[in-house]
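Shown next, in structure tokens, is the structure this report addresses.
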Amino acid sequence: MASFIRQPLFWVLLWGLVITFLSLLPGKTLPTLALWDWVGADKLGHAGVYAIWFLLWSRWVVLTEQAHSGFWLRVGFLGMGAYGFILEVLQTTIHPDRYFEVPDIVANIIGALASYGIFIVMKKTF
């Protein structure tokens, strides 16, 4: 088990589970901090969480020497976008106080896209 924890894919999967857990919490259990009432804070949270997830993914791609063609980077990006969409659908079907929000999906995609851009710039730099 300890050797698996050192594997980059472990962190990709773990972060995906964290996203799933947080996304499928009932709305009443979500934090009600004043910060979240500020316009856009929720979307920044979505973008940040997916940006981290894609950075973890791109690290796995690089360490497994799959980054030369970009195929697995595109797979990760498209997969994360699709997963965010699925989670939005599940929120609506599982919890009556949660809603399907297109802006959340857009924020997820923007976060992953920002990390994808950072990766491309860093790859060209190094």
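Values as computed for the structure displayed
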| item | result |
| --- | --- |
| Tabulated pairs, segment 1-26, first surrounded by fewer than 10 Cβ atoms within 10 Å (Cβ to Cβ), second at pLDDT 90 or above, C-beta under 6 angstrom, 6+ apart or interchain | Phe4/Phe10 |
| Any pair with Cβ under 8 angstrom, 6 or more apart, that starts in segment 87-116 at a residue that is in contact (Cβ under 8 Å) with a residue 12 or more places away in the chain and of a type in the set (A, V, I, L, M) and ends at one that is in a helix (DSSP H, G or I) and surrounded by fewer than 16 Cβ atoms within 10 Å (Cβ to Cβ) | Leu87/Thr20; Ala107/Leu44 |
| Filtered residue count, segment 88-126, keeping only those that are charged (D, E, K, R), crowded, with 16+ Cβ neighbours inside 10 Å and either modelled with pLDDT of 90 or more or at positive phi (or both) | 2 |
| Those residues of segment 67-86 which are in contact (Cβ under 8 Å) with a residue 24 or more places away in the chain and of a type in the set (Phe, Trp, Tyr), in sequence order | Phe77, Tyr83 |
| Residue satisfying all of: in segment 50-107; in contact with a helix residue (DSSP H, G or I) (Cβ under 7 Å, 6 or more places away or on another chain), of a type in the set (Ser, Thr, Tyr) and part of a helix (DSSP H, G or I); nearest to Ile120 (Cα to Cα) among these | Ser58 |
| All positions within segment 88-118 that are touching a Leu at 6+ places or on another chain (Cβ under 7 Å) and among the hydrophobic types (A, V, I, L, M, F, W, C) | Leu90, Ile94 |
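For (1) surrounded by 12 or more Cβ atoms within 10 Å (Cβ to Cβ); (2) under 13 Å from Ser115 (Cβ atoms); (3) of a type in the set (S, T, N, Q); (4) modelled with pLDDT of 90 or more, each residue gets a yes or a no:
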position: Lys28; (1), (2), (3), (4): no, no, no, no
position: Ala41; (1), (2), (3), (4): yes, no, no, no
position: Phe54; (1), (2), (3), (4): yes, yes, no, yes
position: Ser58; (1), (2), (3), (4): yes, yes, yes, yes
position: His68; (1), (2), (3), (4): no, no, no, no
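The values are calculated or read from the model by the stated rules, or taken from the named source; none is laboratory data. All values reported here derive from a predicted model rather than from experimental measurement. Virtual Cβ from ideal backbone geometry, glycine too; neighbours counted across all protein chains shown.
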